[in-house]
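See structure below.
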Amino acid sequence: MSTNTSTTSGTSALAQGTGTTRSDNSSLCIAAVQAPLRHDSLHPLDAARSVVRTMKSAVAAAKHPNTIDLFVLPELCPLGYSEHTFQNYLHSDAILDGISMMIAQFAAEHKVYVCYGTVGKLDSCSSTTQSQSQQTSSGSRSRLCATNDSVGKQSPSPPRTIRSVIVNDIGAEIACYDKLHLCDYGNCAETRFFSPGGELCSFACRGFRIGLIICADMRYPNLSRKLAGDPRHTVDAIIQPAAFARDISFRTWKSFRETRAVENGVYFIGINYAGESYGETSLNEPWIDEHHEPLVLGTREGVLLGSIKRSTLIRAREEMPFYRQLRTSREFRDSETVRKAKDLVDDIGY
C-alpha cells in the first residue's frame, strides 16, 4: 500500500518536500493514518502489525529524515471498531498490552509520537502515565487528562471505555483520553459496552499543544471550546480519532470539523477508517475559505500528511479574532426564564 499524501499548496509541507526537522518549532507534521477496519478473521495483533508497517512506509517515503512528528490512528485502531471487537476483546488485556508494546516500540525506534486507540478501564488512565509525562524527551508539561475521579471503590471488573493513548518519541505513554460522549444513534450503540470518561485531555508535542477528542465528541461545542480557551489547555490543534460510518450522521461531519476549527482558531484533524463505508480523513486549518480548503482523503487506505504551522495560527487569530468576543449568558439582557436556561448551559463543564 503506497502512502497517500496531499499536495494542496501551503498545507501539506511534507508532500511538497519542505518538511521541517524535529528541532524546528515553527511547524508540526501530522500523519493521519486512514487504516482499514480490522476484519473479524484478522487477529488484533496482526492488525497492529499491519498498521505499524503502514507507519514505517510513511516514514520511509518522507523526503527528509525526521519529518513526521505525530502519527494519529482512527478510533479503537488497531483493535477495531466492530461488534466482533466488542464481543470478544474488551477484556483481553494480554492482547491490549501486546498492541501497546508494538506501538511503543515503533515510536521509540522512529522517534515519533503516536496516538492510537484501545479499550480503557474507567478506574485508571495508568498511574504511571502522569509521572512519565513530566519526564518526556521534549519537555512536555504534565498531562491534563484522567478518568472520572467520581468513580468509587475499585471493582473486580471496572467499566470499559473507548480510549486514545499518546505515546511519545521514547516509547513512553504520556497521556490518555476516555471518550466523553458515547454514540447511540446512526449505526452506533456504544452504551451497551462502554461507559463515558470524565476529563479533558491535551498534551505537548514539540512546541505545540494538542487537544484530543474522539468521534461523537465533536458534536458538543463546549468541549472543543474548553480545550481552546481554558488556560490549562489553550491548544493549537484538536485531533479527532473516529470510526465514522456513512450513516445518517456522516454528512454533518464535514460541517462540524470545519466549524470547530474556525470558531476556535485551531487546526482540526479528523481521522477515519478506510473503505467505501468510511473515509474522508481531513485536516482543517484555523481559517477556511476558497483559498484555504481542507485537505481530505477519499475512501482508500492511505496516510494524510499535513503541517500545523505557527505562522498560520498567528495570522488566523490576529485577522479573525471573533472568538475573543465570546460572552456568557450572565452578560445577556434576557428574560429571567431565558437567562436561567442559558445559565444551565454555561454551567455544563468538564
**Request:** Within the set of other residues whose C-beta is less than 12 Å from the C-beta of Gly279, count the net charge using Lys and Arg as +1 and Asp and Glu as -1.
**Result:** 0
**Message:** I need the peptides 189-199, 92-102 ranked by packing, meaning the mean over residues of other C-beta atoms within 10 angstrom, with the highest value on top.
**Reply:** 189-199, 92-102
**Item:** Under 12 Å, Cβ to Cβ, from Pro74 - net charge with Lys/Arg +1 and Asp/Glu -1
**Value:** -2
**Asked** Which links in Lys63/Lys111; Lys56/Lys111; Lys56/Lys254; Lys121/Lys179 stretch past 19 Å when you go from one Cα to the other?
**Response** Lys56/Lys254
**Request:** Beta carbons within 10 angstrom, averaged per residue: use that to sort the peptides 76-86, 283-293, 263-273, highest first.
**Result:** 263-273, 76-86, 283-293
**Asked** All other residues with a Cβ under 14 Å from the Cβ of Val52 taken together, and with Lys, Arg as +1 and Asp, Glu as -1, what is their net charge?
**Response** +2
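Applying a 10 Å radius around every beta-carbon, put 311-319, 241-249 in order of their mean neighbour count, most first.
241-249, 311-319
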**Complete:** Residues whose built amide H sits under 5 Å from the amide H of Gln34, excluding neighbours closer than 5 in sequence, are Gly302, Val303, Leu304
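A short reminder: the numbers here are calculations on the coordinates, not readings from a lab. Remember, predicted model here, so these are calculated numbers, not experimental data. Cβ: placed from backbone, ideal geometry, glycine included. Neighbour counts: every protein chain shown.
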